[in-house]
Structures are given as structure tokens and as C-alpha cells.
Amino acid sequence: MKKSRYTEEQIIGFLKQADAGMAIKELCRKEGFSDATFYKWRAKYGGMDASDAKRLKELEGENAKLKRLLAEAHLDIDALKGVFGVKR
């Protein structure tokens, strides 16, 4: 996944500028990102504060870690079934 060159705090700042009345086209041109990127950010981060975005990032990392652990557990179970055989 490509890393954004803007932090979550910067993105939320851009969204707050647009909410304050700055034209979206002007904001995008001034800061150097596309309209589509702005609307994608608004769908993801709309209504959040910087602390909420930080917590979201922590939760996504924790979720990825848990998924990895679950996948490893399933691999171990499948390996044990192969070794000991499964009663049918």
C-alpha cells in the first residue's frame, strides 16, 4: 500500500479548511492534491479530530496483527490435522 505524503493531522486540517469555507478546487490546487483525493479523505476522515485519526490508525494496526495471528493458528491446525489424520 502506498504511503501518503500527508499525515492524518494534515488531512484533517485540510478538511477543516474546506468546512470553514475555502473553495475545494482552490484548496486542492494550493496544497497539491486532486479533487478525488480530497473526497476520498472526506469519506474516511470526515468529522474526526486528530486524536480520533490517531486511534483509528492504532486500531487498524492491531487488527492487522490479529488477522496475522489467526492465519498462523489456522495453518497450525491444518498441519496438525495432516499429521494425525482426521477421523471421518
Discussion item. Show log10 I(q)/I(0) for segment 8-84 at q = 0.11, 0.14, 0.27 Å⁻¹, two decimals, from a solvent-free Debye sum over equal Cα scatterers.
Written reply: -0.46, -0.59, -1.17
Item to complete: Please identify the helices of the chain, taking whole runs of DSSP H, that span at least 30 Å along their own axis as judged from the Cα atoms and have a mean Kyte-Doolittle score of -0.5 or higher.
Response: 50-84
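State the extension gain, in nm to one decimal, for the chain segment bounded by M48 and E26, taking 0.36 nm per residue of separation less the distance between their alpha-carbons.
Working: separation 22, 0.36 × 22 = 7.92 nm, distance 2.23 nm.
5.7 nm is the gain from fully extending M48 to E26.
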Item to complete: Mind telling me which of K40, K30, K16 comes out most flexible in a GNM of the chain, alpha-carbon contacts under 10 Å?
Response: K30
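Rank the residues T37, T7 as a footprinting-exposure proxy: fewest other Cβ atoms within 10 Å of their Cβ go first. It would help to have the intermediate numbers written out before the result.
Numbers: T37 16, T7 13.
With the sparsest Cβ surroundings first, the list reads T7, T37.
No lab work stands behind these numbers, since they all come straight from the coordinates. These numbers come from a predicted model, not from an experiment. No Cβ is skipped: glycine too gets one built from the backbone with ideal geometry, and neighbour counts run over all protein chains shown.
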